[in-house]
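The values are calculated or read from the model by the stated rules, or taken from the named source; none is laboratory data. The shown structure was predicted, so the numbers you read here are calculated from the model rather than taken from an experiment. No Cβ is skipped: glycine too gets one built from the backbone with ideal geometry, and neighbour counts run over all protein chains shown.
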Amino acid sequence: METLKAFIKHGKQARVTQPQAEPTTHVSPVTAHQQRAAKTESSVSQKRAEEANMAHQAQKDDANRKAGGKKVDPDTIARMLAEDNESKGKLPRYPGLERWRLIEKMGDGAFSNVYKAVDHEGRAGEVAIKVVRKFEMNSSQGDDHLHPDFKKPKAAERANILKEVQIMRQLDHPSIVKLIDFSESKQYYYIILELAPGGELFHQIVRLTYFSENLSRHVITQVAEALEYLHEEKGVVHRDIKPENLLFSPIPFIPTKNPKPRSDEEEDKVDEGEFTAGVGSGGIGKIKIADFGLSKIVWDTQTMTPCGTVGYTAPEIVKDERYSKSVDMWAMGCVLYTLLCGFPPFYDESIQVLTEKVAKGQYTFLSPWWDDISKPAQDLVSHLLTVDPEKRYTIKEFLAHPWIKNTAEPTYAAFDAPPLATPATERGEPLRGP
């Protein structure tokens, strides 16, 4: 599943190929099918090994300082013990987090770990705690405590943590993860967040292969309502909308009485279950946007700061042009495309080629994967994946679209849309499922 995950996350092909010298627009159906069919699990062993090496190096440095008769900082000892426990698979104890009991590790990043935790005082219940290591973010410190292969980060990343917290403190929306508390010790920042028990939507795309139109609409509408709140009420652009940053709350699964995959070749597709309007299906209920590390307050101004994940990044960003809230609309188009068919609109093994495809808006509605997806859904995607940000749908236009409202009004593709796949209903064939 590692290749499939990388494919959905970064917009790269799942098969191993040599980087292409020229941009290409054609992708064989076999390749796209293989990209959705990969079935191996990713590993965090390399990450853990690096952390263990850093902890070991820190312990050696500490021993040298002791030999020299220097006093050891208690916070440094606590940090080393936490990392040592981490390397051994144990849940660490962090100074300053005595109120919380860590239950399990949920994920990690370049400078952070995320844990599920419970409040000893009983006031907040279960939460998610993002623990960010300060010692890897402070450019004024020496390099002795870092692994030799560790690439030293820029000092600006410290400010990003505080900016993320500052923005999240202003937000209160049912489809946005809430900030519960923020604190710090000498070695760590602690960001206490509302827990979304289901985890990342990304893993559900891998599990289900693709979403039905009903479930896709259920998910993307909640994302859009959160973006409307961010854009119109708070003047915030998220800048990193992607499946990994969309979390969900699980709901009871109701098996489909007569499951019907879109094609006979997909009879092994996991049953999505019965869809209930306003509730969801496939075990997927409420959606929440997370990770505001790249977010920025812009209101009606524009910015040029490079950010985001290439496969979900708008053309104006990869071309180093000024951009604004419309970059979130492009990213939402990439997410909707991925939900409907199971793979992203832009992908290539070569980052250079992938960037060129994004800059030119080179994507297609690949047959046969889009053949049974309705024309209104394809039309809506095309209005989001419009290269010119001035012609791209705004959040209000998106929410007013007939496909979102689930009405029978006629729809039209964007002026720069690629050829649409022919929906089964227009070919005189029955549509296998909503």
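General remarks:
- Candidates Glu265, Glu244 - the one that is assigned to a helix (DSSP H, G or I) and at pLDDT 90 or above: Glu244
For every residue, the table says whether it meets (1) farther than 23 Å from Asp379 by Cα; (2) of a type in the set (D, E, K, R).
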{"residue": "Val223", "(1), (2)": "no, no"}
{"residue": "Leu227", "(1), (2)": "no, no"}
{"residue": "Arg239", "(1), (2)": "yes, yes"}
{"residue": "Phe248", "(1), (2)": "yes, no"}
{"residue": "Ile251", "(1), (2)": "yes, no"}
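- Phe415 being modelled with pLDDT under 95 and in the same structural domain as Pro345 (by TED's automatic domain parsing): yes
- When the range 214-237 is filtered for residues that are small (Gly, Ala, Ser) and over 18 Å from the mean Cα position of the chain (by Cα), only Gly235 remains.
- Every residue from the range 93-105 that is over 13 Å from Ile191 (Cβ atoms) and either part of a strand (DSSP E or B) or without any contact (Cβ under 8 Å) to a residue 60 or more places away in the chain (or both): Arg93, Glu98, Arg99, Arg101, Leu102, Ile103, Glu104, Lys105
- Subset of the range 390-418 [within 27 Å of the chain's Cα centre (by Cα) and of a type in the set (Ser, Thr, Tyr)]: Tyr393, Thr394
- Matching option when the condition is polar (S, T, N, Q), at pLDDT 60 or above and in a helix (DSSP H, G or I), among Asn160, Asn113, Asn64: Asn160
- In the condition set (1) part of a loop (DSSP other than H, G, I, E, B); (2) over 24 Å from the mean Cα position of the chain (by Cα); (3) modelled with pLDDT of 95 or more, Thr422 is compliant with all but (3).
- From the list Phe292, Phe275, the lone residue that is touching a strand residue (DSSP E or B) at 6+ places or on another chain (Cβ under 6 Å) and of a type in the set (Phe, Trp, Tyr) is Phe275.
- Tyr189 meets all of the listed conditions (1) free of Cβ contacts under 8 Å to residues at least 60 places away in the same chain; (2) hydroxyl-bearing (Ser, Thr, Tyr); (3) within 14 Å of Gly285 (Cα to Cα) but one, namely (3).
This table checks each residue for (1) buried (at least 19 other Cβ atoms within 10 Å of the Cβ); (2) within 25 Å of Gly293 (Cβ to Cβ).
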position	(1), (2)
Lys163	no, yes
Gln166	no, yes
Tyr189	yes, yes
Arg207	no, no
Tyr210	yes, no
Leu215	yes, no
Ala226	yes, yes
Leu230	yes, yes
Arg239	yes, yes
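- Arg217 passes every criterion in (1) of a type in the set (Lys, Arg); (2) touching a residue at least 24 places away in the same chain (Cβ under 8 Å); (3) part of a loop (DSSP other than H, G, I, E, B) apart from (3).
- Matching residues in the range 368-411 - criterion: being assigned to a helix (DSSP H, G or I) and free of Cβ contacts under 8 Å to residues at least 12 places away in the same chain: Lys405
Let's see how each residue does on (1) closer than 22 Å to Val279 by Cβ; (2) modelled with pLDDT of 95 or more:
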site: Leu193; (1), (2): no, yes
site: Leu201; (1), (2): yes, yes
site: Phe211; (1), (2): yes, yes
site: Leu227; (1), (2): yes, yes
site: Arg239; (1), (2): no, no
site: Pro255; (1), (2): yes, no
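- Qualifying residue in the range 322-333 (condition: more than 23 Å from the chain's Cα centre (by Cα), surrounded by 15 or more Cβ atoms within 10 Å (Cβ to Cβ) and over 20 Å from Ile220 (Cα atoms)): no
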